[in-house]
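The values are calculated or read from the model by the stated rules, or taken from the named source; none is laboratory data. Everything numeric here is computed off the predicted structure, so don't read it as measured data. In this analysis, Cβ positions are derived from the backbone assuming ideal geometry, glycine residues included, and neighbour counts consider all displayed protein chains. Calculation scope for accessible area: heavy atoms of the full protein, side chains included, ligands and nucleic acids excluded. Shrake-Rupley method; radii C 1.70, N 1.55, O 1.52, S 1.80 Å.
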Amino acid sequence: MITTANNLKVMITGEQIQERIKTLAYEINDYYNGEEIVVICVLKGAVMFTVDLVKHLNMPLKMEFIKLSSYGNEMTSSGKVQSFGAHLEEINGKKVLIVEDIIDTGLTAEFLINHIKENYKPKDLKFCSLLNKKASRKNSIEPDYYGFEIDSKFVVGYGLDDEGYNRNLNYIGYKEV
Ligand code: 5GP
């Protein structure tokens, strides 16, 4: 087990992440078969994963960025999604791939999927998460694609933060309690 200078245990190395992204991209390229898509990156946590993933996608694609202003059980109103840059109307009639950092309880993913379906008309909607904490799920949401299934530990790095810090790490780590 590798322990880093900032006292984190390494759960998934940077090399493992990059290798898995290549195989995930292969599966995603195979599914879309060259058809144009819109990739929606969920800020801030999915930013590293999204930029590395799209480098391996081979279809014409546009990127959109959304941010949720609150988490967990409070996410019941559609007013809590903010979009950045171009308008999300861009996704009407298009195939859409939502890219997230992690699915834990599944409430965020469920909210987002419902929000998109209720407010827009994507031709197809898929959900891709780098990490999947299956054992923590409070609903029946499963990502269409995911990188790694992990234990119900609080993880940081590669976009995931600890009170704003550690997003810049190129690996996924956790604190031993
Ligand atoms: P859910 O709604 O599935 O419970 O949680 C999704 C969101 O919670 C993620 O997008 C992420 O922001 C946050 N989250 C859940 N688990 C972790 C974790 O282990 N580490 C960090 N940094 N954030 C997490």
With +1 on the Cβ of every Lys and Arg and -1 on the Cβ of every Asp and Glu, and nothing else charged, how large is the dipole of the chain about its Cα centre, in debye rounded to the nearest 20? 120 debye
Accessible area in the full protein assembly, largest first, 1.4 Å probe, for Y31, Y145, Y26, Y120: Y26, Y31, Y120, Y145
Reachable lysines, given that their alpha-carbon falls under 20 Å from the alpha-carbon of K123 and they are not under 8 places away in the same chain: K62, K94, K95
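How much of the accessible area of the chain, in percent, comes from carbon and sulfur atoms when a 1.4 Å probe is used?
Values: 4390 of 9140 Å².
Carbon and sulfur atoms account for 48 percent of the accessible area of the chain.
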Please enumerate, by chain and number, the lysines with C-alpha under 17 Å from the C-alpha of K133, excluding those fewer than 8 residues away in the same chain. K153, K175
Once phi is turned into θ = phi - 60°, what whole-Hz ³J(HN,Hα) does the Karplus curve with 6.51, -1.76 and 1.60 give for every residue of segment 127-140, x standing for Gly and Pro? 10, 10, 10, 5, 10, 9, 9, 4, 5, 8, 5, 10, 8, 9
Rounded to the nearest 10 Å², the accessible area of K138 using a 1.4 Å probe with every protein chain kept is 140 Å²
Provide the per residue accessible area, probe 1.4 Å, for the chain, rounded to a whole number of square angstrom. 52 Å²
